[in-house]
Amino acid sequence: MATTSQSPTVEQTIIRILRHLPPERARQLVDFARFLEFQATARYTDWLEETEESIRASEEKWDQLLAEPAAKNLLRDMAREAREEYQAGHTTDIEIADDGRLTSA
């Protein structure tokens, strides 16, 4: 792990901010710091390359699948059904819960 050559004031600023955050926000700050730490590693570069390759492969599979007439018809039917449910008032709003999951509003 690389060490930072930042001045102590950077560390002091981060600690000061951390001390004033509610517990959930403090956990988010730690998660973000870990993410930044991960980005500074060779593992991140390897992961990024693998991710880009898998995304391209997945997109190609979806493009092939969605090009099929049956898939187009199915998507059209699903969209129609969703619109009808919305217009009939049978849908619920969603929001992001404190734990980051989706929940009904």
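What follows draws every value from the coordinates through simple rules; no lab data is involved. Bear in mind the structure is a predicted one, so any value in this text is a computation, not a measurement. Every residue, glycine among them, receives a Cβ derived from its backbone with ideal geometry; neighbour counts consider all protein chains shown.
Structural remarks
- Computed over the chain, the ratio Rg/Rh where both radii use C-alpha atoms and Rh is Kirkwood: 1.18
- Over all other residues within a Cβ to Cβ distance under 14 Å of Pro23, the charged ones net out to -1, with Lys and Arg as +1 and Asp and Glu as -1.
- Table column - 3J(HN,Hα) (Hz), segment 92-105, Karplus curve with 6.51, -1.76, 1.60, x for Gly and Pro: 10, 6, 10, 9, 8, 6, 4, 8, x, 8, 7, 9, 6, 6
- In the chain, Cα pairs under 8 Å separated by at least six residues give a relative contact order of 12 percent.
- Residue-wise HN-Hα coupling along segment 71-82, computed from phi with Karplus coefficients 6.51, -1.76, 1.60 (Hz; x: Gly, Pro): 5, 4, 5, 4, 5, 4, 5, 5, 5, 4, 4, 5
- Segment 8-65, Cα convex hull volume normalised per residue, Å³: 101 Å³
- Positive-end residue, the chain charge dipole about Cα centroid, Cβ charges, pick of Gly100, Gln87, Phe32: Phe32
- Pairwise FRET efficiency - Trp62 versus Glu85, Cβ, R0 = 25 Å, nearest 0.05: 0.55
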